[in-house]
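The values are calculated or read from the model by the stated rules, or taken from the named source; none is laboratory data. Just so you know, these numbers come straight off a predicted model, no measurement behind them. Cβ placement follows ideal geometry from the backbone for every residue including glycine, while neighbour counts extend to all protein chains displayed. Ligands, DNA and RNA are excluded from the accessible area calculation, which covers all protein heavy atoms including side chains. Shrake-Rupley method; radii C 1.70, N 1.55, O 1.52, S 1.80 Å.
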Amino acid sequence: MSPPLAAVTAATVQGLVPEILLVAAAIAIYLIGAFTSFRSGWLLAFIGVAIPLWLATPEGGDSLTAFGRWMTLAAGMALVLVQGGDVRPASHRRLGTCEEAGTFLILLAGLSLVAVADNLVLLFVGLEMVSIPTYILLGLARTSSRGQEAALKYFFLSLLASAIFLYGMVCLYGIGGDVSLAVIGEKLQSGDVTTERMTLAMLPLAVGMLMVGAAFRMAAVPMHFYAPDVYEGTSTPLAGVLSTLPKLAGVVVLVRLIGLVAEANQPAALAYAGLFWQVAAVLAALTMTIGNLMALVQTNLRRLLACSSIAHAGYLLVGITAAAAGTGSMSEAVTAKVDGADATLYYLATYLLATSGVFAAITYLGHRWPIWTPTTPRPPREEVSTVSDLDGLASTNPVVAFALGVFLLSLAGIPPLPGFWGKLSLVTSLLEVDWGMPVTMAGRRAWLLALAVTLVINAAIAAAYYLRLIAAMYFRPAERGVQADGGLSAGLAMLGCLVVSVMATFSPRMLAFDDESSLSAEAPPAVASTSKADHD
Amino acid sequence: MSSLITLGLAGTLVLRFLSSDAIASGGFFASGEFDWFVTGPLDIQFSVGLDGLSIWLFGLTALLTVSAVFVGWNAAEEKAVGFYGLLLLLEAAMLGVFAARDIILFYVFFEFTLVPLFFLIGIWGRDDRRRAAVKFFIYTFAGSVLAFLGLLAIVLWHASHTGVLTFDIATLTAGLASHPLPMTPEWGYLQLWVFGALLVGFAIKVPIVPVHTWLPLVHEQTPACGSVDLAGFLLKIGLYGFLRFSLPMLPEATAIAAPWLVALGAISIIYGALVALVQKDLKRMVAYSSVSHMGFCVMGLFALEPVAVEGANLQLINYGLASAGLFATVGMIYERYHTRKIAELGGIASQMPWLAAFFMLFTFSTIGLPGLNCFVGEFMVLAGTFQRAWSGAPADWSTTYLTLALLAVAGVVLGAWYMLQAVERVLFGPLRGATAGEHGDHARDLAWNEVAALAPLGVFIVWIGIYPSPFLKASAAAVTASTQASSQAFASRVVASRAEATAEHGRSSAPDVDLTLHLGPSRIISTSNHLAP
């Protein structure tokens, strides 16, 4: 069904222009770093991301592809700036900067590939192209024992998750008999009896494993526990990368997998969508609640943000639930539907915006002023790492405090900031599933309603710890202040995120990818196969 | 300065409203709209307008912000720009709440009022301000996210039954009148759940006992002008929400819940008054008295008797003026003597006659002295509730209603007790404590900005007290329109419950007149049967 793997046509190359450009830029940066004394790797990386972003996205692919690429490049741009302003001492930075920048670009190319992938092989290759550069990035910061611990923890768990995900893919292959997602989708919806039997036997295994694999990328239950340790152990910019890009990959994969069945009218497809939303709903409720409750007691800034990122994975899973349940929706009454997948992607956009902003701001803050008198030896530099390090930031660094305040309130979902519009879309899409059907305990409406209530209660819990940060910045006196030595580019990234947030407040649809249906039944990307062309 | 301009504009709007024909029709006026969040099917409009329900609250907000600015004239030496900025932001959000015609826009403003107040409390509050700010935010946020679910459910129900996904409040109200949310068991009594969700959100804002605990703490920690805003108009959002959403959109659920809410209103009145009676801190006392007075509004609203609802609606304005005045004067006293302990104050009237005079005026207003504004509102609420008890309560609720109304009267008496007791100790008698000390020697009477803050309140207090009818007339049509559905639903419940009760009565009891006289409910029924045509 799918074109042979060897056929690399001009169309294929054309369709993969952004990815090819990213990898080419990465290679160029590696070479320059190895053979010249040029050390501004992040500057080159900036150009490397800017070119694909500036070029119009190539034709081909559905709107999920376009959205995934767009988000990858936009978030990548912000994160390049954040990492460019890394707070490590200049001497250390000179050694690794080109390697890091190049590796990061490969990560972006992999992420973009996940959005493009129309078959299982390409999808897996894309996911690994996200994972492996992440190990390297974590491992490059190997100077501290905590950094090593973080890198190892992430490495082993990520391998485990990849293996589990691969098993899930194998099951899908078993159901569909082909690696092409379009073919698997057709099989599921064909009503073919053999497929049906096969599907019903394999499905729990397949969906379960795929969900667990994606859960790791999203930092969702049951693969969430690594997040606080890893975030704490690594540097702030890298924590920013971890809390955004893998999550993007996980969400795109899940949306893509749900999109396999656009109309769940055959038993196999119905079972597939049904299992998907049930698993997603349970995981969503657990993830939100666990993430938020864990965050309440954190004092370390990065641990707190890790827990917050877990909680947001839960909100995103709510959208996934709505998308999967909506696929088999029995309600015809609502004329204009808010699609669960659209809502998820919109929420993801608001989340990426606010989270990149938060990490940019914290990176920018850099180190605290040391308590140091001429008679005592100079103490080691202390990074801004705990909540109390932010005390009185509003009086010492008002702009950063204001920006952080905006991002945190957006994450908390306070209207009219973008996060609120995201949550509004999520809840609307969830409530709309089967709207018009009676609520019974046997029906799924009751469960979805319960999930909606869980979401809003969680939003209230989350407000508590976001407010704690804001209270620290605005209501406490500054004791030592911060040096704000994180670098100009991190500050620029923060301001950029702030400007976009404010714009998205007044024109919220700016972040929405308004294409009618991102989950149309048409064949996913026309970019045919070949992973070979780009990842060599 | 800009708050004065806003006041001027709002005043013009109010005047134009009074001369427009919107009063008679109960419709909206001065409306404008543009698209906001139009992504695919969700077309949320930035759509604003005023009607009889919101016009006075809108004006009150503009007026009280000016007062708050004058009260806080010297309060914020540090970071004054931020302080006034936040006050104006709060004003903008409040004006938005009252003017919003789009349900999501309403929610956006509703929620956004928290942000400026959070910072006002947290930065310029007193010692325990961080806890107060966070508690205030979490408490009200938790309630309003549930209310948000309720509002969304309304929108979606409307969409699924009329095929139009709209967020326009007027359209929704009209649509729900023809397609009410279901109240049947197979639907899980959906309407009751939606009502409950809205109730949680609005009751916390009001606040109704038992979810009032954030209020005294917040008042205690807030600077005076924050308290003026909080008591003056922020607490009105809850009742405005009931009047705008619960009553017209969810009539059957309102009818079921109404007796319980009247009971909660009465409990708030008595509880607030009793707790106020034992307060040692002047400001905490006023805070609890506002719990008590908001109980009146709740009671009047859910008596679902036209007089009572109009009274409650007017009482919102009345108590807004009076409590804002009280909080402002208490703030001035604190500024001068650095204490608010009732035991440490005394004889202020001899040191500062003008301040004392204003304090007396606001006190008399809150205790409902005839000729001042609160008397009108309280009288209407009580009259309506008694009327409901005598002629229109469900069969087994008549005595309860009567008891509740009597409790409310007792609340008025208690209110007079604690207020006058405090006034007597603080304003009159010998100088003592702080007033006798060093602070007392330097105490000066009202400055120009303080007069400017208090005088307009006084003018309106007297005006509404003497000649309330223009105020009532302007909102009567809108209030009637929004309570009509609920009143009817309640009336039909009353009829049904009576028919049931009479049937039971006829079956079970012998024609023994003496016996029925001792049974409270039955007696009331027999009287009302005489009254009924």
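Assorted remarks:
- The lone exception for B:GLU78 - which of (1) assigned to a loop (DSSP other than H, G, I, E, B); (2) modelled with pLDDT of 75 or more it fails: (2)
- Restricting segment A:332-341 to residues that are open to solvent by 10 Å² or more (accessible area, probe 1.4 Å) and more than 7 Å from every other protein chain (Cβ to nearest Cβ) leaves a set whose member that is modelled with the highest pLDDT is A:ASP339.
- Scanning segment B:170-210 for residues that are of a type in the set (A, V, I, L, M, F, W, C), open to solvent by 40 Å² or more (accessible area, probe 1.4 Å) and under 24 Å from B:ALA266 (Cα atoms) yields B:LEU192, B:TRP193, B:LEU199, B:VAL200.
- Residue among A:ALA446, A:ALA450 that is at pLDDT 75 or above, surrounded by fewer than 17 Cβ atoms within 10 Å (Cβ to Cβ), more than 10 Å from chain B (Cβ to nearest Cβ) and over 22 Å from B:ILE104 (Cβ atoms): A:ALA450
- Failed item, numbered, when B:GLY49 is tested on (1) open to solvent by 10 Å² or more (accessible area, probe 1.4 Å); (2) part of a strand (DSSP E or B): (1)
- Flag for B:THR162 being surrounded by fewer than 23 Cβ atoms within 10 Å (Cβ to Cβ), hydroxyl-bearing (Ser, Thr, Tyr) and at the interface with chain A (Cβ under 9 Å from one of its Cβ atoms): no
- Condition check for A:GLU149: open to solvent by 20 Å² or more (accessible area, probe 1.4 Å), farther than 30 Å from A:TYR272 by Cβ, assigned to a helix (DSSP H, G or I) and not basic (Lys, Arg): yes
- Conditions (1) under 19 Å from the mean Cα position of the chain (by Cα); (2) farther than 30 Å from B:SER469 by Cα; number of the one not met by B:CYS374: (2)
- Residue that is nearest to the chain's Cα centre (by Cα) [pool: residues in segment B:451-462 that are open to solvent by 10 Å² or more (accessible area, probe 1.4 Å) and in contact (Cβ under 8 Å) with a residue 40 or more places away in the chain]: B:PHE460
- Qualifying residue in segment B:265-275 (condition: closer than 15 Å to B:PRO207 by Cβ, open to solvent by 10 Å² or more (accessible area, probe 1.4 Å) and not aliphatic (A, V, I, L, M)): yes
- Flag for A:ALA463 being at the interface with chain B (Cβ under 9 Å from one of its Cβ atoms) and either of a type in the set (Val, Ile, Thr) or surrounded by 24 or more Cβ atoms within 10 Å (Cβ to Cβ) (or both): yes
- In the set A:GLY481, A:GLY487, only one residue is away from chain B (no Cβ under 13 Å) and either at pLDDT 85 or above or buried (at least 21 other Cβ atoms within 10 Å of the Cβ) (or both); that residue is A:GLY487.
- Test: residue in segment B:298-313 that is in contact with a Phe, Trp or Tyr (Cβ under 7 Å, 6 or more places away or on another chain) and on the phi > 0 side of the Ramachandran plot: yes
- Matching entry among A:LEU409, A:LEU430, A:LEU417 (being within 11 Å of another protein chain (Cβ to nearest Cβ), under 14 Å from A:MET473 (Cα atoms) and surrounded by 21 or more Cβ atoms within 10 Å (Cβ to Cβ)): A:LEU409
- Taking segment A:183-200 as the range and being closer than 23 Å to A:ALA281 by Cβ and open to solvent by 10 Å² or more (accessible area, probe 1.4 Å) as the test, the residues that pass are A:GLN189, A:LEU200.
- Hits in segment B:124-144 (condition: open to solvent by 30 Å² or more (accessible area, probe 1.4 Å) and farther than 15 Å from B:LEU234 by Cα): B:TRP124, B:ARG126, B:ASP127, B:ASP128, B:ARG129, B:ARG130, B:ARG131, B:VAL134, B:LYS135, B:ILE138, B:ALA142
One line per residue, one yes/no per condition, for (1) within 30 Å of A:LEU203 (Cα to Cα); (2) more than 19 Å from the chain's Cα centre (by Cα); (3) open to solvent by 10 Å² or more (accessible area, probe 1.4 Å); (4) of a type outside the set (Lys, Arg):
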position: A:LEU105; (1), (2), (3), (4): no, no, no, yes
position: A:ALA109; (1), (2), (3), (4): no, no, no, yes
position: A:VAL130; (1), (2), (3), (4): yes, no, no, yes
position: A:PHE156; (1), (2), (3), (4): yes, yes, yes, yes
position: A:GLY168; (1), (2), (3), (4): yes, yes, no, yes
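- Candidate set from segment A:378-390 (those that are under 16 Å from A:GLY366 (Cβ atoms) and not hydroxyl-bearing (Ser, Thr, Tyr)); member that is surrounded by the fewest Cβ atoms within 10 Å (Cβ to Cβ): A:PRO380
- Residue check for B:ALA30: modelled with pLDDT under 65, open to solvent by 10 Å² or more (accessible area, probe 1.4 Å), touching a strand residue (DSSP E or B) at 6+ places or on another chain (Cβ under 7 Å) and farther than 30 Å from A:GLY340 by Cα: yes
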